[in-house]
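Here is the structure we will look at.
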Amino acid sequence: MATESATPAAAYRLGSSEAVPARATQDRIDIPEFAPSLVPDGNFTPDDRFLDREMSWLDFNARVLELAEDPDLYLLERVNFLSIFASNLDEFFMVRVAGLKRRIATGIAVPSAAGTSPLEQLEQIMVEAHRLQSRHARVFAEHIRPELAYEHIHVVRWSELTDQDRDSLTAMFKEKVFPILTPLAVDPAHPFPYISGLSLNLAVVVRNPVSEKELFARVKVPDQLPRLISIDGPRAGSIPGRTARFIPLEDIIAEHLDLLFQGMEILEHHTFRVTRNEDLEVEEDDAENLLQALEKELLRRRFGPPVRLEVTTDINPSVRELLVRELGVEESEVFALPAPLDLRGLSVISGIDRNDLHFPKQLAHTSRYLNESETSKAANVFAAMRRRDILLHHPYDSFSTSVQAFLEQAAADPKVQAIKQTLYRTSGDSPIVDALIDAAEAGKQVLALVEIKARFDEQANIDWARKLEQAGVHVVYGIVGLKTHCKLSLVVRQEGDRLRRYCHIGTGNYHPRTARYYEDLGLLTSNDQIGEDLSKLFNQLSGYAPKSTFKRLLVAPRSVRSGLIDRIEAEITNRRAGLPARVVIKVNSMVDEAIIDALYRASQADVQVDVIVRGICALRPGVPGLSDNIRVRSILGRFLEHSRVFCFGNAGDPVVFIGSADMMHRNLDRRVEALVQLASREDIAELMALMNRYLDPGTASWHLDSYGRWTRHHKDDAGNPLSDIQSWLLASRDRQRSGTRR
């Protein structure tokens with residue numbers, strides 16, 4: 001998922017800092033004036049110092065939508081952002097909205113850190129979600145669809161087709177669609193059928209010509225087939241100037257309902273879609289076999305309660321009423337939208353191979369420290385790691401010639417004695433898993449810590465765990481009650497009369513496919529202290545070592561929060577002593593109240609604090625007396641910003657950590673996370689310079705204000721585009737490589 005967006009001129013009413021928040025004009029809840037109170041240490045702590053995390057997430061998805069709205073972006077990339085927005089919102093309902101409904105149903109009324117009860121949060125979410133989904137549909141209908149048509153790419157209805165087209169699609173329907181359809185009737189003998197989550201369905205009303213009785217039936221649109229069917233062949237869209245037409249699969253099914261209900265009169269049909277609670281709940285303490293317990297819960301997930309019903313705007317009120325009643329949803333949970341529903345399906349169009357409508361193709365380069373430019377053979381990763389630490393920045397640095405090569409070479413190297421690896425998510429044809437299997441079959445000791453509770457990847461990870469076990473890999477599932485989210489590899493190699501440890505610590509998953517479009521950092525190192533730390537951490541994860549202490553790592557849930565707060569407090573001390581002090585944090589989410597309060601204290605001590613956050617941010621910047629010295633920026637674009645970086649001025653001798661942890665309760669309290677402190681002054685300087693580039697006024701970004709409003713800054717006062725940091729980094733890698741060749 002690469003995610004982002006721009007707000008049209010009307011999206012926010014800009015004015016002085018005293019102006020009423022513009023959200024009031026968009027059915028958003030007004031943010032009250034701040035009411036600071038003085039606590040004994042002299043710091044101001046307003047009761048409303050935290051933004052609501054759920055509304056902040058919706059703001060994040062609105063930024064994704066802004067990118068779809070941006071006429072300066074490549075058209076098919078805008079289509080992709082429309083699809084991403086839809087997918088993101090689905091997950092939000094399946095997890096966050098479902099969680100709120102569960103809390104309300106069980107009577108849990110504990111307010112959020114922002115001071116809102118679960119019921120108030122749910123009401124606010126529904127208002128904003130309705131607004132965003134309507135806006136999303138309008139962007140497609142009024143902007144994207146006409147612009148696609150201009151490029152000879154059309155989303156058409158059955159009525160727009162020629163007789164020849166209809167004959168061809170009818171033949172396709174009979175051969176590939178009809179055999180897998182299952183119409184389900186609703187009558188005294190057939191109760192209302194179960195509607196699976198995220199499935200697209202046709203509500204069909206038929207009449208028996210003999211009895212004149214009207215009946216209701218449901219037909220599921222099969223998700224095994226493409227959502228949009230190409231009429232003009234698979235390659236049509238890739239040829240500029242040649243017409244490429246796509247028709248929604250449900251339209252084809254609707255035109256052939258008479259084949260499904262032979263002898264009945266088709267009166268009407270309507271499209272609808274249900275979203276269900278699909279979060280998992282597994283009590284590990286009570287589960288003798290975690291794999292079996294999780295597989296059972298995955299089956300239950302399909303039957304979670306509904307949290308959203310999407311219907312087309314032209315639906316018959318009586319059919320709508322029937323769906324609402326039978327599904328048990330509230331009226332506020334019904335989203336009436338123009339057809340077609342489920343714009344995730346636009347990924348079919350965004351995948352069209354039209355170079356002129358996509359970002360320019362980009363080739364990841366091998367890190368300059370792994371680049372054997374004078375030879376055709378791959379670099380010896382171990383030799384390179386002995387020379388120096390290697391800081392990797394994906395996707396600008398190739399994953400396949402660095403991390404993947406590290407593990408593949410380890411698997412093939414007869415001197416390697418053991419490999420230990422965490423796996424949170426990986427690809428379906430993972431060379432990482434293949435390397436671990438090869439190593440085990442070669443007689444090496446291989447440990448794989450597979451996190452089978454990685455949300456929505458549970459079944460895939462169960463399959464990988466079993467495949468690894470069958471190959472002789474020692475597979476473990478971490479610590480009861482904690483997800484293992486840290487990204488770690490440890491290779492133990494015999495070198496002379498000693499064993500040497502080689503390590504990789506990253507911010508992203510060992511996933512070769514997502515490594516091509518997720519922005520992440522990683523460290524390849526043979527540092528003895530880090531090797532010792534990783535050995536201790538793997539022993540803690542696979543065995544019993546709860547009192548392990550670490551020299552170069554901060555490890556959640558014990559020391560990430562406390563370690564970062566200690567660093568922030570040290571910056572406060574330095575500032576008060578007149579020494580250089582600064583805090584820069586780049587994360588996906590900034591929610592944890594203790595971390596945010598520490599940043600507020602730093603701001604009040606006149607420490608400059610900068611936060612770069614892709615998604616949720618509960619921190620309010622720029623509040624007088626509270627956060628005057630805090631700036632919050634967000635970068636969204638071609639690549640999904642995923643790295644986590646923590647920089648501290650440290651009286652002129654900067655300290656930098658990278659790792660897997662976001663500033664959220666789940667990361668700091670309920671996951672095993674690891675941050676590693678960089679040692680190389682060159683690497684530290686490189687990351688500090690990179691953070692400054694992210695924060696530069698000339699870099700395109702979104703700015704957060706004290707009311708929680710995000711404003712896109714992507715053009716200067718003269719209307720010229722600001723620098724896109726991702727494009728700049730791609731160009732810098734190209735320059736770096738050409739310099740290496742010279």
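The values are calculated or read from the model by the stated rules, or taken from the named source; none is laboratory data. Small disclaimer: the values here were computed from a predicted structure and weren't measured. Ideal geometry is used to build each Cβ from the backbone, glycine not excepted, and the neighbour counts take in all protein chains shown.
Some observations on this one:
- Condition check for E408: over 30 Å from H130 (Cα atoms), charged (D, E, K, R) and either modelled with pLDDT under 95 or part of a helix (DSSP H, G or I) (or both): yes
- Condition met for R138 (farther than 29 Å from T312 by Cα and either surrounded by 21 or more Cβ atoms within 10 Å (Cβ to Cβ) or out of contact with any Gly (no Cβ under 9 Å at 6 or more places or on another chain) (or both)): no
- Some residue of the stretch 488-507 being part of a helix (DSSP H, G or I) and either at pLDDT 95 or above or in the same structural domain as V446 (by TED's automatic domain parsing) (or both): no
- Residue within the stretch 233-244 that is buried (at least 17 other Cβ atoms within 10 Å of the Cβ) and without any contact (Cβ under 8 Å) to a residue 12 or more places away in the chain present: yes
Yes/no matrix, rows are residues, columns are (1) outside any helix (DSSP H, G or I); (2) touching a strand residue (DSSP E or B) at 6+ places or on another chain (Cβ under 6 Å); (3) in contact (Cβ under 8 Å) with a residue 24 or more places away in the chain:
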| residue | (1), (2), (3) |
| --- | --- |
| V139 | no, no, yes |
| E142 | no, no, no |
| A149 | no, no, no |
| D165 | no, no, yes |
| A171 | no, no, no |
| P179 | no, no, no |
| T182 | yes, no, yes |
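- Scope the stretch 536-559; condition of a type in the set (F, W, Y) and surrounded by fewer than 19 Cβ atoms within 10 Å (Cβ to Cβ); matching residues: Y544
- For the residues S112, S83, S87, the requirement of being under 21 Å from C617 (Cα atoms), in a helix (DSSP H, G or I) and of a type in the set (S, T, Y) singles out S87.
- In the stretch 581-693, counting only strands (runs of 3 or more DSSP E) that sit wholly within it, the ones holding 1 or more residues that are under 30 Å from L449 (Cβ atoms) and of a type in the set (F, W, Y) span 644-648, 655-659.
- Selected residue [closer than 30 Å to Q445 by Cβ, more than 30 Å from the chain's Cα centre (by Cα) and modelled with pLDDT of 95 or more] from S548, S526: S526
- Remark: V221 falls outside the filter, which requires a residue to be in contact (Cβ under 8 Å) with a residue 60 or more places away in the chain and surrounded by 13 or more Cβ atoms within 10 Å (Cβ to Cβ).
- Picking from residues in the stretch 92-122 that are loosely packed, with under 15 Cβ neighbours inside 10 Å and not hydrophobic (A, V, I, L, M, F, W, C), the one that is farthest from G197 (Cα to Cα) is G115.
- Failed criterion for Q529 (all others in (1) under 30 Å from E641 (Cβ atoms); (2) in contact (Cβ under 8 Å) with a residue 40 or more places away in the chain; (3) in a helix (DSSP H, G or I) hold): (2)
- All of (1) within 30 Å of V473 (Cα to Cα); (2) without any contact (Cβ under 8 Å) to a residue 60 or more places away in the chain; (3) crowded, with 20+ Cβ neighbours inside 10 Å hold for D520 with one exception: (2).
- Checked against (1) over 30 Å from F359 (Cβ atoms); (2) surrounded by fewer than 23 Cβ atoms within 10 Å (Cβ to Cβ), G637 passes all but condition (1).
- Selection of the stretch 560-586 for residues being closer than 24 Å to L488 by Cβ, crowded, with 17+ Cβ neighbours inside 10 Å and either out of contact with any strand residue (DSSP E or B) (no Cβ under 7 Å at 6 or more places or on another chain) or acidic (D, E) (or both) yields R561, I565.
- Cβ pairs under 9 Å, 6+ apart, first in the stretch 690-713 and assigned by TED's automatic domain parsing to the domain that holds A114, second buried (at least 16 other Cβ atoms within 10 Å of the Cβ) and of a type in the set (K, R): none
- Across the stretch 432-453, the number of residues qualifying as surrounded by fewer than 22 Cβ atoms within 10 Å (Cβ to Cβ) and either aromatic (F, W, Y) or assigned to a helix (DSSP H, G or I) (or both) comes to 4.
- The number of residues in the stretch 402-451 that are basic (K, R) and touching a helix residue (DSSP H, G or I) at 6+ places or on another chain (Cβ under 6 Å) comes to 1.
- Residue ID - surrounded by the most Cβ atoms within 10 Å (Cβ to Cβ), chosen from residues in the stretch 601-634 that are aliphatic (A, V, I, L, M) and closer than 28 Å to H485 by Cα: L619
- If you filter the stretch 587-600 down to residues that are surrounded by fewer than 20 Cβ atoms within 10 Å (Cβ to Cβ) and of a type in the set (D, E, K, R), you find that the one that is farthest from the chain's Cα centre (by Cα) is D597.
Quick grid of which residues meet (1) in contact with a strand residue (DSSP E or B) (Cβ under 9 Å, 6 or more places away or on another chain); (2) touching a residue at least 40 places away in the same chain (Cβ under 8 Å); (3) closer than 18 Å to R344 by Cα:
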| site | (1), (2), (3) |
| --- | --- |
| L82 | no, yes, yes |
| E91 | no, yes, yes |
| G115 | yes, yes, no |
| P146 | no, no, no |
| H154 | yes, yes, yes |
| W158 | yes, yes, no |
